[in-house]
Amino acid sequence: MFAGYWTLLIIAIHLGTRWLVVMNTIRSTLGLSSPSAARTLALRTAAMAIAIWGVRSSLEMTFGSKLTLTYSLDMWEFNESTLGFFINYASIVGLYAALTHYVLSLISMGRARRTEGRRIWVNRHYR
């Protein structure tokens, strides 16, 4: 179980690092050529909702303690919905994929700003 939870996390992180590839593939498959502000807003809102549900699911299902190999007695609850079980885990994957994607985007923007700042400084001082 320990390896399974770590695999789930690693898959989510990998999905987040390749998110632009996933979106470009879906865009080309659906034949969407032009960008749409409304579609972007709707998809980002959906991603936010999935991430919020992922936080709830992570806390409810004690995902963090399962990653640290903390012993727990929780098992499959046979009275619960199977669909709900998979939605909870899919939302956890969505949470960590979104976190990875947006953290990498922030890092990329920070690097671009530093690089641009260096170019401006060099152009001002070495003319």
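Laboratory data are not the source of any read-out in this text; all were calculated from the coordinates shown. What you are looking at is a predicted structure, and each value in this text was computed from that prediction instead of being measured. For neighbour counting, all protein chains shown are included, and Cβ atoms are generated from backbone atoms with ideal geometry for every residue, glycine included.
Residues I11, I50, arranged from fewest to most other Cβ atoms within 10 angstrom of their Cβ, appear as I11, I50. For the options Y102, Y71, Y89, a Gaussian network treatment of the chain with springs between C-alpha atoms closer than 10 Å singles out Y71 as fluctuating the most. Across all directions, the average flat footprint of the convex hull enclosing the Cα atoms of the chain is 12.1 nm².
Note on the chain: with charges restricted to the Cβ of Lys and Arg (+1) and Asp and Glu (-1), its dipole about the Cα centre is near 1260 debye.
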